[in-house]
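Presented below is the structure to which this report refers.
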Amino acid sequence: MSDNSIERAAERLLDAARTRIPCAPVRDLLPDGSAQTGYAVQNVLTRAALAQGRRIVGRKVGLTSPAVQQQLGVDRPDFGVLFDHMAVDDGVVVDSGLLLQPKVEAEIAFVLGADLDGPDLDETAVRSATEYVVPALEIVDSRIAGWDITFVDTVSDNASSGLYVLGRTRTPLDGLDLTGVRMELADGGGVEVSHGTGADCLGDPVTAVLWLARTCQDLGVPLRAGEVVLSGALGPMVSAEPGGSYIATLSGLGVVSVGFPDTAPTPTPQGAENNSASVER
């Protein structure tokens, strides 16, 4: 793909973030539809975020759950960048100005105590590098209207990243088997809206983190100590309803929750400044 096409796709997504008006898919600008092209667009957005003073604090793995892959019509994982402004405290109501079309999914977050790189990356290395794991909610979002996305759209849009919430309970990974973790996501009325297990995340969340570590190392941006890794959804994502709240219970790991304001996000007038700069996604 030409640099011009990549820049045009990035600008379309940046404009949607600035105005908070979802845009048309970018795949019409990127007809080869390749992962390489999508990540080239994502890199432009990352550079824009860094230029605005954002700080990278980790990565996320997306599209790890068969249920989510089916929802979005894709068949492989992807990854995106986590920036410092994307972290939301457990139990709070998020700022609607940071969101366009939010959805919620529950997952396991890994906090690294050591770098994840080198020639012998395997699941043992992932376990050794992990300081602890916590229950997490990812508030996924799309700058693309109606979530009308293909693989190249979501990769370009920073893997549909929005915000994320980490639970307070820290559990050492050690020999813990994450495949058997049971996840239940309920709304504020206690009604279950999603469920799954650790095995629904690429067979094992550790496997998902290993995929990410190898991919990032191949790209020259290895995972570093102190970074947060969202390992991927354990079940289907659900739309975040205005005024709604959601709590995820992960067996053996704890709970994590988030709330949403009573009113849905409203667009910012064209040209107005929006500090959320959804270079995320």
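List of remarks:
- Beta carbons closer than 6 Å, at least 6 apart along the sequence or on distinct chains, pair a first residue in segment 65-89 that is closer than 18 Å to L45 by Cα and at pLDDT 90 or above with a second that is in a strand (DSSP E or B) and small (G, A, S) for D78/G62; L82/G58.
- Hits in segment 143-176 (condition: over 11 Å from the mean Cα position of the chain (by Cα), assigned to a loop (DSSP other than H, G, I, E, B) and not charged (D, E, K, R)): I149, T150, G167, T169, P172, L173, G175, L176
- Options R54, R27; residue that is under 17 Å from the mean Cα position of the chain (by Cα), in contact (Cβ under 8 Å) with a residue 12 or more places away in the chain and assigned to a loop (DSSP other than H, G, I, E, B): R54
- Which numbered condition E11 misses (of (1) at pLDDT 95 or above; (2) within 20 Å of the chain's Cα centre (by Cα)): (2)
- With respect to being at pLDDT 95 or above and not β-branched (V, I, T), Q42 fits the description.
- For segment 1-52, filtering for residues that are among the basic types (K, R) and closer than 18 Å to T150 by Cα leaves 3.
- Tally, over segment 14-24, of residues that are charged (D, E, K, R) and within 19 Å of the chain's Cα centre (by Cα): 1
- Selection within segment 186-229 - modelled with pLDDT of 95 or more, more than 9 Å from L116 (Cβ to Cβ), aliphatic (A, V, I, L, M) and in a loop (DSSP other than H, G, I, E, B): V191
- Residue that is hydroxyl-bearing (S, T, Y), surrounded by fewer than 16 Cβ atoms within 10 Å (Cβ to Cβ) and in contact with a helix residue (DSSP H, G or I) (Cβ under 9 Å, 6 or more places away or on another chain), where the choices are T124, T130, T179: T179
- Sole residue being surrounded by fewer than 17 Cβ atoms within 10 Å (Cβ to Cβ) and of a type in the set (G, A, S), chosen from A114, A106: A114
The values are calculated or read from the model by the stated rules, or taken from the named source; none is laboratory data. The structure presented is a predicted model; accordingly, all values stated were derived computationally and were not measured. Using ideal geometry, Cβ is built from the backbone for each residue, glycine included, and neighbour counts are taken over all protein chains shown.
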